[in-house]
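What follows is a single structure, written as structure tokens, with notes after it.
The values are calculated or read from the model by the stated rules, or taken from the named source; none is laboratory data. None of the values given here were measured: they were computed from a predicted structure. Positions of Cβ are backbone-derived with ideal geometry, glycine not excepted, and every protein chain shown enters the neighbour counts.
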Amino acid sequence: MSRAGPIELGLTIPLQRHLRVKALPHSQELDRRFCWDLHVIPLRGRSSLLAVHCHTRYTFVLYDLSDFGWERLPEVFQDGLTRSLSSAGFSSEAADLLCGPGRPLFTKTHGRREVAFLNRVWDDVMAAELVLDESVQSQPLLDQIVNTKPSWCVGIQGLGAAAERLAAVLRELS
């Protein structure tokens with residue numbers, strides 16, 4: 001299955017303020033497999049990116065983004081996604097399957113349930129903060145802890161691990 005367009009990156013209100021973004025369109029994507037919600041979180045006093053896949057709740061964290069990193073958020077997101085998926089053992093094509101062609105589109109977040117699950121992920125990240133490696137931006141160990149913990153998500157019923165749910169979605173897309 002090939003993607004006709006780019007993915008949507010839903011920005012939380014705190015992230016919109018952080019980026020000084022005034023207005024964003026509502027999501028147009030009905031297929032949440034191609035949607036992520038992004039949030040700025042403080043990790044050890046540093047502004048960090050929390051990215052959550054709207055369908056599976058797969059999550060990755062990028063620690064201590066610089067001002068330049070925030071200005072280049074679409075590229076930083078795609079690079080972070082590629083690194084996170086690679087660290088989790090996914091194929092090099094996995095990010096391409098999820099991202100599609102072109103530059104990601106910024107939108108408002110993808111719904112109340114998606115944001116509720118993002119907030120739960122944030123709690124999980126904070127509970128695992130002891131494994132944070134301040135010497136690198138990518139956080140594969142933190143990502144692994146969050147993505148292997150049994151959880152609920154919007155797109156798939158039942159309790160499960162986000163990494164396993166994402167693997168199932170990638171099989172569907174390939």
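The figures follow:
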{"read-out": "Residues of region 37-78 satisfying the condition of being surrounded by fewer than 22 Cβ atoms within 10 Å (Cβ to Cβ) and of a type in the set (Asp, Glu)", "value": "ASP64, ASP67, GLU71, GLU75"}
{"read-out": "So VAL40, is it touching a Pro at 6+ places or on another chain (Cβ under 8 Å), hydrophobic (A, V, I, L, M, F, W, C) and not in a helix (DSSP H, G or I)", "value": "yes"}
{"read-out": "Test: residue in region 13-23 that is at pLDDT below 95, within 18 Å of LEU105 (Cβ to Cβ) and of a type in the set (Lys, Arg)", "value": "yes"}
{"read-out": "Tally of residues being touching a Pro at 6+ places or on another chain (Cβ under 9 Å), part of a helix (DSSP H, G or I) and modelled with pLDDT of 95 or more across region 87-125", "value": "1"}
{"read-out": "Hits in region 147-174 (condition: out of contact with any strand residue (DSSP E or B) (no Cβ under 6 Å at 6 or more places or on another chain), over 18 Å from HIS110 (Cβ atoms) and of a type in the set (Ser, Thr, Tyr))", "value": "SER174"}
{"read-out": "Top-ranked residue of region 126-168 - restricted to ones that are among the β-branched types (Val, Ile, Thr) and at pLDDT below 95, ranked as surrounded by the most Cβ atoms within 10 Å (Cβ to Cβ)", "value": "VAL154"}
{"read-out": "Matching entry among SER87, SER27, SER91 (being small (Gly, Ala, Ser), surrounded by fewer than 21 Cβ atoms within 10 Å (Cβ to Cβ) and more than 20 Å from PRO140 (Cβ to Cβ))", "value": "SER27"}
{"read-out": "ASP133 touching a residue at least 40 places away in the same chain (Cβ under 8 Å), touching a helix residue (DSSP H, G or I) at 6+ places or on another chain (Cβ under 8 Å) and in a loop (DSSP other than H, G, I, E, B)", "value": "yes"}
{"read-out": "Counted residues, region 108-158 - those being of a type in the set (Phe, Trp, Tyr), within 12 Å of HIS53 (Cα to Cα) and in contact with a Leu (Cβ under 8 Å, 6 or more places away or on another chain)", "value": "0"}
{"read-out": "Residue satisfying condition, being under 19 Å from ARG33 (Cβ atoms) and among the basic types (Lys, Arg), within set ARG83, ARG120, ARG113", "value": "ARG113"}
{"read-out": "Neighbours by Cβ (under 9 Å, 6+ apart or cross-chain): first from region 139-153, farther than 21 Å from ASP64 by Cβ and touching a residue at least 24 places away in the same chain (Cβ under 8 Å); second of a type outside the set (D, E, K, R) and in a strand (DSSP E or B)", "value": "LYS149/ALA161; SER151/GLY160; SER151/ALA161; TRP152/GLY160; CYS153/HIS53; CYS153/GLY160"}
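Residue-by-condition table, conditions (1) in contact (Cβ under 8 Å) with a residue 12 or more places away in the chain; (2) touching a Ser or Thr at 6+ places or on another chain (Cβ under 6 Å):
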{"site": "HIS26", "(1), (2)": "yes, no"}
{"site": "TRP36", "(1), (2)": "yes, no"}
{"site": "TYR63", "(1), (2)": "yes, yes"}
{"site": "ASP67", "(1), (2)": "no, no"}
{"site": "PHE90", "(1), (2)": "yes, no"}
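This table checks each residue for (1) in contact with a strand residue (DSSP E or B) (Cβ under 8 Å, 6 or more places away or on another chain); (2) on the phi > 0 side of the Ramachandran plot; (3) among the aromatic types (Phe, Trp, Tyr).
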residue	(1), (2), (3)
ASP37	yes, no, no
ILE41	yes, no, no
ARG46	no, no, no
VAL52	yes, no, no
PHE68	no, no, yes
